[in-house]
Amino acid sequence: MTTATFPATPELHADAGQGRPDARFAAGRRPLAAVTGAEIQAPLIQGGHVRYANLDYGASAPALSVVSAYLNEILPFYASVHRGAGYASQISTSVYENSRTIVRDFVGGRPDDAVIFTRNTTDSLNLLAGCLPAVDGVHTGEVLYLDIEHHANLLPWQRVPHRNVIAAPTLAATLELLRGELAHGGVSLLAVTGASNVTGEILPIRALAALAHEYGARIVVDAAQLAPHRRIDITADDVDYLAFSGHKLYAPFGAGVLVGRPDWLDAGTPHLAGGGAVQDARIDTVSWTTGPARHEGGSPNVLGAATLARATQVIADLDVDQWHAHENAIRSFLVEGLARIDGVTVHQIFSDSASFGVPAGSEPGNGAGTGTIGVVNFSLEGYDAGLVAAYLSAEHGLGLRDGRFCAHPLLRRLGLPSGSLRASFGVGSRLEDAQRLLAGIQELRRTGLGWDYVVDAGRWVPSNDTRSYPHWAPNTPGTAGAAPCTQD
C-alpha cells in the first residue's frame, strides 16, 4: 500500500519559522483522547492512500476508544429492559437506568430533573414541543427563537404558536432584541442553541436563561454542538431543558437525551404511544404513566443510552485547561492560515464573539463574546462548496462538510444560499489535520483541480472513479446522492 503525505507549505507559517507551527499551537499537535478509526486509510483518486483526516466531527464524531471497549464489554449482556426477570435483562435494566444518573450528573442537573432517552436531539426537541403548556388543547404561550437555529431547534416550534427574532450583528444587541420580544409577554419558552452548528459561536446561556425567567418564560438549550466542547451546568446556569446527542459526543448508535424539569413532561402528550408508557390500557382507553417512561414507549436503545452515558464520563474527566487549549490551538491555527489564502472568507454571525475560541477555563454561561467551539465555516471564491469538498476528499483524504448545514435561514443571512464549507474537530483531532486542509486549499488556488469532477445524484464526485470501498461495504462510491437540504 502506497501512503501519501502532505507536508505543510512554507507560506503557511510565514511568522512561525521554517515549516512548523510556532509554539502557540503546540497543544494541538497530538490528539487529546484516542478515538476509534483514527488511523483508517483513505484511497486517493490519483493513486495511493493517506490517513483519513476527519474534519467532520460536527456531523458525527468518532467513538472514543474507551467507549468502543465498553460497548464490547456490555454487548454480551444486551437484553430487554424493564420487562425481564432473567440475569441479562436485569443487568441491561440496571445499566440503562443508571445511565440516567450519569447523564444528569454530567450536565449538572437538579435531583428531580427528568432524563429521557430519545433518538437524537431533533427527537428530544420534538418531544418537548408536545409538552408545552395547554388548556383544553390550546397553548397558553408562544415559543420564541432566533433565525440562526439548526432545523432541529426551528421546525418543531413552527407547529405551535411561535415568534422569531432576526439575530443582530452582535450578541449584545441580539439579547436586547430578545428582551424586547419577551417584554411584550405571552412567551412560555425561549429556544436557543448553545453553540452554532454553522460557525461554532457560543451563546451566553446563563444570560439568556436569566432573561427568559425575568419575563416568566422557560428556556431550552440545543446543546448538540456545545456538549462535546464545553462543560455544562444547567443548575448553575438555571436552564430548564437541555437536549444533546450521543453521536456528536463520541458515542455510537445516535441516542439522544432530554434533561429538564418534570412538570411539563409529566403533563405533556406521550411522545411514543406504546408499551411501557402506560399504567393501564384497555380496548379504547389508556392511563399514561409519568416520568421518563411516559415518553419512552417501545423497546429503548439500551446500548445507545449506555454508550452515551459512558462517553459523558470520559468527557467529564478531561482536564479543562488541556481540553480547551487543544481545541483552541487547532482552531486558531486553521483560522489564521485561511486568512492568508486569497479568496477565502471565514464566516461568523456576531462581531463580538471571539475570533479564536474561548480562553482555557472559560464557560459558556457568562456574558456576551463567549467565543467559539471547534468549528470553522468558510468559502472559497470562484468554487462551489460541494466541489471543494469533493476535491479535498478525493485528492487529499480530507473529510469535511459542505452545504447548508440544516440551517437554511442562517445561510441566507450570511449571503450563502447555496452553502459553504465547515471544518469541525474535537478530542481526537491533531494539528496535522488543519495543516492538510490548508495545504489542499493552497494547492487548489495555485494549480486548480487535479481531476475532473461531475455532479452525480446531486453531489460533486470524481469522474471515472475506480476506487473501491472495503469488501463488506457496497462498492458504489459517489452514488449515495445529496441530502435534500443541500439543494435549492
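The values are calculated or read from the model by the stated rules, or taken from the named source; none is laboratory data. Small disclaimer: the values here were computed from a predicted structure and weren't measured. Don't worry about glycine lacking a Cβ; one is built from the backbone with ideal geometry, like all the others, and counts go over all protein chains shown. The protein model used for the area step is the full one, side chains on, heavy atoms only, and it has no ligands, DNA or RNA in it. Shrake-Rupley method; radii C 1.70, N 1.55, O 1.52, S 1.80 Å.
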Being open to solvent by 20 Å² or more (accessible area, probe 1.4 Å), of a type outside the set (Val, Ile, Thr) and in contact (Cβ under 8 Å) with a residue 24 or more places away in the chain is the filter here, so list the residues in the stretch 84-98 that pass it.
-> Asn98
Identity of the residue in the stretch 318-343, touching a Leu at 6+ places or on another chain (Cβ under 7 Å) and not hydrophobic (A, V, I, L, M, F, W, C), that ends up nearest to Ala23 (Cα to Cα) | His326
Residue in the stretch 82-89 that is assigned to a helix (DSSP H, G or I) and either within 18 Å of Thr289 (Cβ to Cβ) or basic (Lys, Arg) (or both) present = no
Check on Thr174, assigned to a loop (DSSP other than H, G, I, E, B) and within 30 Å of Gln348 (Cβ to Cβ) = no
Of the residues in the stretch 222-259, those that are modelled with pLDDT of 95 or more and on the phi > 0 side of the Ramachandran plot come to Asp238, Tyr250
Residue list for the stretch 118-139, filter: open to solvent by 20 Å² or more (accessible area, probe 1.4 Å) and touching a strand residue (DSSP E or B) at 6+ places or on another chain (Cβ under 9 Å) | Arg119, Asn120, Thr122, Asn126, Pro133, His139
Top-ranked residue in the stretch 336-376 [being in contact with a Phe, Trp or Tyr (Cβ under 9 Å, 6 or more places away or on another chain) and open to solvent by less than 20 Å² (accessible area, probe 1.4 Å); ranked as modelled with the lowest pLDDT] = Gly371
Sole miss for Ala251 among (1) closer than 23 Å to Thr193 by Cα; (2) hydrophobic (A, V, I, L, M, F, W, C); (3) surrounded by fewer than 24 Cβ atoms within 10 Å (Cβ to Cβ) is condition (3)
Output yes when any residue across the stretch 54-70 is under 27 Å from the mean Cα position of the chain (by Cα), surrounded by fewer than 19 Cβ atoms within 10 Å (Cβ to Cβ), free of Cβ contacts under 8 Å to residues at least 60 places away in the same chain and part of a helix (DSSP H, G or I), and no when none is.
-> yes
Quickly run through the stretch 285-332 and pick out the residues that are charged (D, E, K, R) and assigned to a helix (DSSP H, G or I).
-> Arg294, Arg310, Asp321, Glu327, Arg331
Considering each residue of the stretch 22-49, count those that are of a type in the set (Val, Ile, Thr) and touching a residue at least 60 places away in the same chain (Cβ under 8 Å), and give that number.
-> 2
Run down Asp402, Asp433 and say which single residue is in a strand (DSSP E or B) and touching a residue at least 60 places away in the same chain (Cβ under 8 Å).
-> Asp402
Which residues, taken from the stretch 275-289, are touching a Gly at 6+ places or on another chain (Cβ under 9 Å) and either of a type in the set (S, T, N, Q) or closer than 27 Å to Asp240 by Cβ (or both)?
-> Gly276, Ala277, Val278, Thr289
Filter the stretch 444-462 for residues that are among the charged types (D, E, K, R) and in contact (Cβ under 8 Å) with a residue 60 or more places away in the chain; which is least open to solvent (accessible area, probe 1.4 Å)?
-> Arg459
Does the stretch 268-286 contain any residue that is in contact with a Cys (Cβ under 9 Å, 6 or more places away or on another chain) and open to solvent by 50 Å² or more (accessible area, probe 1.4 Å)?
-> yes
Restricting the search to the stretch 455-488, which residues are in a strand (DSSP E or B), of a type outside the set (D, E, K, R) and either at pLDDT below 80 or under 27 Å from the mean Cα position of the chain (by Cα) (or both)?
-> Trp460, Val461
Residue list for the stretch 154-167, filter: aliphatic (A, V, I, L, M) and in contact (Cβ under 8 Å) with a residue 12 or more places away in the chain | Leu154, Val160, Val165, Ile166, Ala167
Can you tell which of Val115, Val103, Val66, Val135 is at pLDDT below 95 and of a type outside the set (D, E, K, R)?
-> Val135
Those residues of the stretch 147-163 which are open to solvent by 10 Å² or more (accessible area, probe 1.4 Å), aliphatic (A, V, I, L, M) and in contact with a strand residue (DSSP E or B) (Cβ under 7 Å, 6 or more places away or on another chain) amount to Leu154, Val160
The lone exception for Ser245 - which of (1) under 18 Å from Thr118 (Cα atoms); (2) open to solvent by 10 Å² or more (accessible area, probe 1.4 Å); (3) in contact with a helix residue (DSSP H, G or I) (Cβ under 9 Å, 6 or more places away or on another chain) it fails | (2)
2 or more residues more than 14 Å from Leu127 (Cβ to Cβ): qualifying strands (runs of 3 or more DSSP E) within the stretch 178-284 = 187-193, 218-222, 278-281
If the Cβ limit is 7 Å and pairs must be 6+ apart or interchain, which residue in the stretch 99-115 that is over 16 Å from Glu296 (Cα atoms) and open to solvent by 30 Å² or more (accessible area, probe 1.4 Å) pairs with which residue that is of a type in the set (Asp, Glu) and not in a helix (DSSP H, G or I)?
-> Arg104/Asp113
Please find, within the stretch 377-392, the residue that is farthest from Leu55 (Cα to Cα) out of those that are surrounded by fewer than 24 Cβ atoms within 10 Å (Cβ to Cβ) and of a type in the set (Ser, Thr, Tyr).
-> Tyr383
